[in-house]
Structure formats: C-alpha cells, structure tokens
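The values are calculated or read from the model by the stated rules, or taken from the named source; none is laboratory data. Treat the numbers as computed from the prediction; the structure is a model and nothing was measured. Ideal geometry is used to build each Cβ from the backbone, glycine not excepted, and the neighbour counts take in all protein chains shown. Note: areas computed on protein heavy atoms with side chains; ligands, DNA, RNA excluded. Shrake-Rupley method; radii C 1.70, N 1.55, O 1.52, S 1.80 Å.
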Amino acid sequence: LGLIIALTAWLFLNTLNPKLVNLNLNLGQIITNNSDTVVGTSGGGGGQTDSGTDSGGNNPPAPPGCDDCVSLTDYGLTCKDPSSCSLNAATAEKLGTLNQLNSNDGINWRVTEGYPPTINTHKNPCHYNATCIDAGLTSEKTGSNIQKFYDNAVSAGLRPVYEVTSSAREAELKSQGYTGTIKVIGHATGEHFSVYNN
C-alpha cells in the first residue's frame, strides 16, 4: 500500500513538472559550493546580443517588488531576457559606466540574469534585492578580454567574479594573463561573470 501511494505521488508530480522529481542528493557539492547559484542553475553567458526591449520595442517596466528599479536598457545595456532586465538604480548606474568602459575597449557583453531573476534557486540574495547581475561576454572569451571586463567592472565600483566550469579552464585563463577573481563551479551551464554592487 505504501509503495502504491509513493508511486502515485511520483506519477502525479512527474506529470505536473518532471523537475519536481529530479533530486540531486550530492549534498557535499551543495554545502561546499560557494557560488551564488545552486546545483543545476547558472546565469550562463555568450551568444549574440539580444534586444533589451519587449516585442513592441518598448522598455519593459520595472517589476513589482523593487521600488527603485530601473530598466537596464536606459543605461545602454542589452539583456538575454527582456523580462529580467531591471535593477536597483544605483547598481544600474555603475553598470552603465561599466558598459561605456567595455565599449571603449571593444568588449561586447550582455546581461544574462537581471531582476527579477528568471530562476528562483539563487543562493545569493542580491538576485532578489536587485543589486547584482550575471553577465556573459559575446566577444571572444580570451584571458585578455575577460581581464578587461574585470578591470572595467572594478573601475566602475563593482565586484566581478568570473565563474568557469573546470579547473582546466581556470588554468587556461590564468596562463592567458587573467589575474582577477575566478571560481570553478562544476555544475554551471556556462562560464560567466557574476557582478555585485559593493
């Protein structure tokens, strides 16, 4: 009888959403991981630059729950997902400065996760109080380009952390001259910057 109840519950949940029954019991990785996302999630990065506007060509309004949020497109930024393209005004201003510095250096990039977050499993609360983003380079991901982005973010008053998926990639970037903060996040879906407002 217990087995029938458990199987029925599993079938019900699997029918609603298969992710509800996809359990990862690798607790050691979750506990020791100091990333801002949990297993199986990432802001990701890369690809071609998308428009930061909605289908009508308008800037999306600031989402509810963030009284001082502004559209990142007002600061010349592009977002992977126009529905996640707002941020706290003070942070957005610094990102605008970062965008100008990157433009001067020929570094192309986009916001891959703004506010509101597109996933609800971020460990760092900055994603829920609109004071950080995930960013992906659309320029070539060389140590030199990543270093320029890092230096420009620091100059803009931000705290960037580059997240990669393997120690080999970390070593490769360091051999190419990258000296900024870097973290190996094995479960990330793609390398990217997490950019925090100090």
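Can you run phi through the Karplus equation (6.51, -1.76, 1.60; θ = phi - 60°) for segment 172-185 and list ³J(HN,Hα) in whole Hz, with x for Gly and Pro?
So the Karplus estimates, Gly and Pro as x, are 4, 5, 5, 5, 8, x, 6, 10, x, 5, 9, 10, 8, 10 Hz.
Per 5 Å bin, what percent of the C-alpha pairs of segment 73-180 does each bin hold, from zero upward?
The calculated distribution, bin by bin, is 2, 12, 22, 25, 19, 14, 6, 1.
Take peptides 138-146, 13-21, 109-117, 166-174 and line them up by average Cβ neighbours within 10 Å, highest first, as a rough protection proxy.
Ranking, from highest mean packing down: 109-117, 138-146, 166-174, 13-21.
With a Förster radius of 35 Å, plug the Cβ-Cβ distance of Arg169 and Leu11 into 1/(1 + (r/R0)^6) and report the FRET value to the nearest 0.05.
Values: r = 40 Å, r/R0 = 1.15.
Between Arg169 and Leu11 the formula returns 0.30.
With N set to the residue count of segment 71-132, report its C-alpha Rg divided by 2.2 N^0.38 Å to two decimal places. Mind dumping the intermediate values first?
Values: Rg = 11.5 Å, N = 62, 2.2 N^0.38 = 10.6 Å.
Compactness ratio reported: 1.09.
Glu113's amide H: which non-local residues (gap 5+, or another chain) put their own amide H closer than 5 Å, with H modeled 1.01 Å from N in plane and none for Pro or chain starts?
The answer is Asp134.
When the Karplus curve 6.51 cos²θ - 1.76 cosθ + 1.60 is applied with θ = phi - 60°, which whole-Hz ³J(HN,Hα) does each residue of segment 97-104 get, with x for Gly and Pro?
These are the phi-based 3J(HN,Hα) values: 5, 4, 4, 5, 4, 5, 4, 4 Hz.
Determine ³J(HN,Hα), in whole Hz, for all residues of segment 11-21 in sequence, where each value follows from phi through the Karplus function 6.51 cos²θ - 1.76 cosθ + 1.60 and θ = phi - 60°; x replaces Gly and Pro.
4, 4, 5, 5, 5, 5, 7, x, 5, 5, 10
Please give the length that would be gained between Asp151 and Ala89 if that part of the chain were fully extended, namely 0.36 nm times their separation in residues minus their C-alpha to C-alpha distance (nm, one decimal).
Numbers: separation 62, 0.36 × 62 = 22.32 nm, distance 2.18 nm.
Separation in residues times 0.36 nm, less the Cα-Cα distance, equals 20.1 nm.
Probe 1.4 Å, all protein chains in place: accessible area of His192 in Å², nearest 10?
That residue has around 0 Å² of solvent-accessible surface.
What Kirkwood Rh does segment 128-198 have if only Cα atoms enter the pairwise 1/r average? Answer in Å. Before the final figure, lay out each step's value.
Values: mean 1/r = 0.0814 Å⁻¹.
It works out to 12.3 Å.
Too long at a 22 Å Cα-Cα cut-off: which of Lys148/Lys174; Lys123/Lys148; Lys94/Lys148?
On the way: Lys148/Lys174 14 Å; Lys123/Lys148 27 Å; Lys94/Lys148 16 Å.
Exceeds cut-off: Lys123/Lys148.
Could you compute how much accessible surface Asp68 exposes when probed at 1.4 Å, giving the result in Å² to the nearest 10?
Counting only protein heavy atoms, Asp68 exposes about 80 Å² to solvent.
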